[in-house]
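Below is one structure, written out as structure tokens; the observations come after it.
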Amino acid sequence: SYTERMKINGQDIAKEDVAEILSMMQVHLDKIVAEGGEHPTEFEVSTALALYYFAREKVDVAIMEVGMGGEIDSTNVIIPRLSLITNVGMDHMDYLGPTLEDITRVKAGIIKEGIAVLTTCDHPEALEVIRQVAKEKDAPLWEEGKDFLAEPVEQLENIQKFHCRVKDTFFSDLRISLRGKHQIKNAALAVAAAVKMGVSSKAVRQGIEETIWPCRLETVRENPLVVVDAAHNYHGVLVLVDSLKEYWPNKKRVLLIGMLADKEREKVAAEIAPLAEKIVVTKPNSPRAGKWEQVADFVRPFVDKVVVEENITRAVDEAIRLAGDDHMVLITGSIYMVSEARAHLLQLNGKNLKV
């Protein structure tokens, strides 16, 4: 849902608030165009809407995620309390540049003069760029492994336990319900940011434990086992492949995939297709879907059975049929496609759609 993009205390913005604020903004959007300016993009409008809404509701803290890059992003009008950079991968190359160094430099554009930046970036080339920009901006830099660190303790099917040290503060046996080793790194960054912001240890522990994240290695059906994961780019798929081997190493798999044209689809196919026995290719419901059927050509060298089905709902049904009793279904690719597939599955399960 569009409304899930803006939440206060876990509650989506009301549709009535979206309508009211957009109606107010329309006057200004029309004025920009009338004066010869380019119409702001959907994401730019969404950013303005979110900022207005959060200011109007007088939130204590707003956590804003960039859309693309950082320096060239509409969210970069913000002067933040903290800047956080997770990992940096090859994504949006048409806009951000052809090399990892170029991309990192744009992403490091969220670093502001004198304002601390925290990162879990572990690629040496990318990390060096972040260090350079932080130094140029006189911004204190906290790095994973030096200033904060997470240590896995126990991994169960639905819970991961870990210890986390942030400078001189130590948290033992933190718990997250998110799967994958990469989520412990993400959690460590969140814990470090919370400590830096002065959040209490009790609140940190509770916040980490209660975090849910739909479409991230999420089980949405048990029989057959259906897992959805919005690994929409090459970097995400590498993490997904590791997690599949970790959690379901012996499962035969039916893969349902639909990717946007501006992603490294051939490279993604080469990583994920060999782990499947059968593959269904579908079309993401986005103008950026492009020649979505090409994904079928990219996966055919790796499997005997490939089905092409444009309609996402029918593609899900076909994947479940192909799975039978002895395969799991993995649904991955564009978040536009994965979210629609998830909604259909929850409907099949007879559940109310939740986020």
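The values are calculated or read from the model by the stated rules, or taken from the named source; none is laboratory data. Just so it is clear, the structure is predicted and the values come from calculations on it, not from any experiment. Quick reminder, even Gly has a Cβ in these numbers, built from the backbone with ideal geometry, and neighbours come from all protein chains shown. Side chains included, ligands, DNA and RNA excluded: accessible areas come from the protein's heavy atoms. Shrake-Rupley method; radii C 1.70, N 1.55, O 1.52, S 1.80 Å.
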Whole-Hz ³J(HN,Hα) from phi, Karplus 6.51 cos²θ - 1.76 cosθ + 1.60, for region 252-257, glycine and proline x: 6, 10, 9, 9, 10, 9
Per residue accessible area of the chain, 1.4 Å probe, in Å²: 52 Å²
Inter-probe distance in nm under a simple model that places probes 7 Å from Cα toward Cβ, at Arg288 and Glu42: 1.0 nm
Relative contact order of the chain, defined on C-alpha pairs under 8 angstrom at six or more residues apart (%): 11 percent
37 °C / 0.692 mPa s Stokes-Einstein diffusion coefficient of region 155-215, Kirkwood radius on C-alpha pairs, µm²/s: 281 µm²/s
Portion, in percent, of the accessible area of region 218-355 that falls on carbon or sulfur, probe 1.4 Å: 46 percent
Amide H within-cut-off set for Leu256, under 5 Å, with H built and near neighbours excluded: Val280, Leu330, Ile331, Thr332
Helix-only [θ]222 nm of the chain, DSSP H runs n ≥ 4, -39500 (n - 2.57) each, per residue, nearest 500: -12000 deg cm²/dmol
Area accessible to solvent at His123, 1.4 Å probe radius, in Å²: 70 Å²
Rounded to whole Hz, the Karplus (6.51, -1.76, 1.60) HN-Hα couplings of region 213-222, x for glycine and proline: 8, x, 6, 10, 6, 9, 7, 10, 7, 9
Per residue convex hull volume, Cα atoms of region 146-260, in Å³: 122 Å³
Per-bin percent of Cα-Cα distances, the chain [20 Å]: 26, 59, 15, 0
Difference of contour (0.36 nm per residue) and Cα-Cα distance, Asn158 to Glu113: 12.1 nm
Helical segments meeting 15 Å axial Cα length and Kyte-Doolittle -1.0 threshold in the chain (DSSP H): 15-34, 42-56, 124-136, 181-196, 234-247, 312-323, 335-348
Antiparallel %, DSSP beta bridges [both residues in the chain], to 5: 40 percent
Zero-based 5 Å bins, Cα pair distances in region 5-147, whole percents: 2, 9, 17, 17, 17, 14, 12, 8, 3, 1, 0
